[in-house]
């Protein structure tokens, strides 16, 4: 990242939060960042490039937080709690607090959708690593750490998208955790 990119991303996030992605323009972002449009276009070709960079930066921070918190956490249940808190609950809370969150989500295009899938794969890798000590039990249950990690990540993402409120989300994640603990015999 260049030294200007974080500043531009913060400006873009403010603009997207205020107007939504579709109603925001590169000119709005340049104005918010106090830079010229040509300078903005030298760093980012489009709003979708900016959105992809925002997604990647957010995921980098979340994964770093998860790894740091997992270092001092023992037991699969507690480890899943850390993952859900950072990967799912914090994202849910962020979306709930952003006035144009739905419009931001609807503004994803091919590049940012590809970045979302890349992030999902990165989350699955973190979850797979947490599940590896339980590989024998998971195999006996008819699954693998990688397959269960994929299921956990996608189920948590679906729960986040369909939860009626925070309490409902927490209930869904608790059920998912209990199922994982049973499969892992943890």
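Coordinate-derived values only; no laboratory data. Note that the structure is a prediction, hence the values are computed from the model and not measured. Positions of Cβ are generated from backbone atoms using ideal geometry, with glycine treated the same way; all protein chains shown enter the neighbour counts.
Assorted remarks:
- Segment 48-184: C-alpha gyration tensor shape, a/c 1.5 cut-off, then a/b vs b/c: prolate
- Between helix 47-70 and the chain: long-axis angle, C-alpha atoms, 0 to 90°, nearest 10: 40 degrees
- Cα→Cβ-extended label distance, 7 Å offset, between residue 96 and residue 68, nm: 2.4 nm
- Degrees between helix 110-131 axis and first principal axis of the chain (Cα, 0 to 90, nearest 10): 30 degrees
- Here the peptides 150-161, 30-41 are ranked by packing, the mean other Cβ count within 10 Å, and the order with the highest first is 150-161, 30-41.
- Candidates 75, 91, 20: whichever shows maximal mean-square fluctuation once the chain is modelled as a Gaussian network with Cα springs under 10 Å: 75
- Degrees separating the helix 5-19 axis from the principal Cα axis of the chain, which is the longest one: 90 degrees
- GNM top mover of 84, 44, 92 - the chain, alpha-carbon springs below 10 Å: 44
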